[in-house]
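Student: The structure under discussion is supplied below as structure tokens; questions concerning it will follow.
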Amino acid sequence: MALGVMPLLAKDLHPLTVQALLTHPQPSLTVEGRQVSIVAWLTGSAGTAADIEQVIDVITAAEWESA
């Protein structure tokens with residue numbers, strides 16, 4: 001499932017930036033009221049289209065912030 005979102009990341013992102021984006025808790029991704037990382041979100045879900053869309057939104061927002 002995570003492989004499906006990897007192509008969405010900007011190719012020029014530093015590897016540590018990618019690692020941080022994927023592993024730090026994200027405010028818009030929550031499980032039982034607590035923030036979780038993209039990795040936790042995707043590995044803990046069934047990978048529904050809605051789940052992946054939420055991750056895409058997080059990645060898109062991160063790209064806007066870094067621009």
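The values are calculated or read from the model by the stated rules, or taken from the named source; none is laboratory data. Every value quoted in this text rests on a predicted model; they were computed, and no experiment measured them. Here the Cβ positions follow ideal geometry from the backbone for every residue, glycine too, while neighbour counts run over all protein chains shown.
Student: In this structure, does residue 21 turn out to be surrounded by 10 or more Cβ atoms within 10 Å (Cβ to Cβ) and either at pLDDT below 80 or touching a helix residue (DSSP H, G or I) at 6+ places or on another chain (Cβ under 7 Å) (or both)? Let's see the steps before the verdict.
Tutor: Working: surrounded by 10 or more Cβ atoms within 10 Å (Cβ to Cβ): yes; either at pLDDT below 80 or touching a helix residue (DSSP H, G or I) at 6+ places or on another chain (Cβ under 7 Å) (or both): yes.
Yes: the conditions hold for residue 21.
Student: Could you grab the pairs with beta carbons closer than 9 Å, sequence gap of 6+ or different chains, first residue in region 6-30 and in contact (Cβ under 8 Å) with a residue 24 or more places away in the chain, second one of a type in the set (Phe, Trp, Tyr) and assigned to a helix (DSSP H, G or I)?
Tutor: Taking only residues 6 or more apart or on different chains, the pairs are 26/41; 29/41.
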